[in-house]
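Can you read through this structure? Questions will come right after.
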Amino acid sequence: MAKRKRQPLSMTQSATSAMFGGVCNVIAGQPFDTIKVRLQTQGTREKKLYAGPFDCFSKMVRKEGMFSLYKGTSGAFASIMTENVVLLTANTGIKAMYRKYCMRGTDRALNFSEHALCGGLAGIFSAVAITPAEVVKVRLQVSRGKCAAKGDVHQYKGPIDCVRKTVGCVFEQILACFLARPPLPLPRPTLSLSLFKYN
C-alpha cells in the first residue's frame with residue numbers, strides 16, 4: 001500500500017495551532033519569565049533586591065502575592081499569540097510563494113537552506129508584530145505595585161494604563177525631538193534600509 005503523502009498545513013491551520021500553542025506556553029512559562037525579568041532589571045550589585053531566583057520567588061510571593069508571578073500575562077498572551085500566528089502564517093505563505101515562483105512547481109521537499117531562508121523572512125514580520133506587546137509585558141513585570149519605592153515611574157494599574165502611559169511618553173519624546181531642532185532628511189542609504197525594515 002502506497003504511503004499517503006503529507007499535505008502542508010494551510011495558513012488557517014497554522015494560525016489556529018499557533019494560538020493554542022502560545023496559550024499553553026504562557027500558562028506554563030510566565031512565572032519563570034517574570035522572575036527572569038525581575039532579576040535582569042533589579043539594578044547594580046550594591047542595590048540588588050534579590051539574591052537569586054529562589055529569593056526572588058519567595059519575596060514576590062510573600063510581599064506581592066502568588067499572582068504577582070503572572071504579572072504581564074495579558075501582554076505575554078498578546079505577544080506569544082501574535083508571534084506564533086504571524087511567524088507560522090508568514091512562514092507558510094512564504095514557503096508557498098517560494099514553491100510557486102522559485103521552484104516552478106517542482107514536487108520536492110525544501111532543503112535546510114531553503115527552510116532557513118523562509119523562516120528568516122517570516123521572522124522579520126514576527127519581530128515587527130510582537131514588539132509593542134513585549135514592551136507592555138516587560139513593563140508590567142517590573143512593576144512592583146504597593147511595594148514600589150516612591151516616585152518609581154514603572155508603576156501601572158494594568159495593561160491599559162501601561163499602554164496609555166507608554167504611548168504618551170513616546171509622543172512626548174518625539175515632540176521634544178522636533179522642538180529641539182528641525183527634522184533633517186535621511187541620507188539615501190539610511191532611507192533604503194528604513195524602507196527595507198518597514199516593508
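Please state, as a whole number in µm²/s, the translational diffusion coefficient that the Stokes-Einstein equation yields for the range 14-74 at 20 °C and 1.002 mPa s, with Rh defined as the Kirkwood radius across alpha carbon pairs.
D, rounded to a whole number, is 167 µm²/s.
Testing the spin-label approximation: label points 7 Å from Cα along Cα→Cβ at LYS36 and LYS63. State their distance in nm.
2.3 nm
Which order do peptides 51-64, 77-90, 24-37 fall in by mean Cβ count within 10 Å, highest first?
Per-residue Cβ counts within 10 Å, averaged per peptide and sorted highest first, yield 77-90, 24-37, 51-64.
Continuing with this model, one more query. Run the simple label-point estimate for GLN13 and ALA28 please: 7 Å along Cα→C-beta, distance reported in nm.
2.3 nm
So how much slack lies between ALA127 and ALA51, counting 0.36 nm per residue of separation and subtracting their Cα-Cα distance, in nm?
Going from the current span to full extension adds 24.1 nm.
Compute the signed sum of charges (Lys and Arg +1, Asp and Glu -1) over the other residues within less than 15 Å, Cβ to Cβ, of TYR98.
In short, +3.
Please report the net charge: other residues with Cβ closer than 14 Å to the Cβ of CYS118, K and R +1, D and E -1.
That sum, taken over residues with Cβ under 14 Å, equals +2.
Continuing with the same structure: Excluding SER58 itself, what net charge comes from residues whose Cβ is under 13 Å from its Cβ, given Lys and Arg +1 and Asp and Glu -1?
With Lys, Arg at +1 and Asp, Glu at -1, the net is +2.
Every number in this text was worked out from the coordinates using simple rules, so none of it is lab data. Given the structure is predicted, the values throughout are model-derived calculations rather than measurements. Methodologically, a virtual Cβ is constructed for each residue, glycine included, from the backbone with ideal geometry; neighbour enumeration extends over all protein chains shown.
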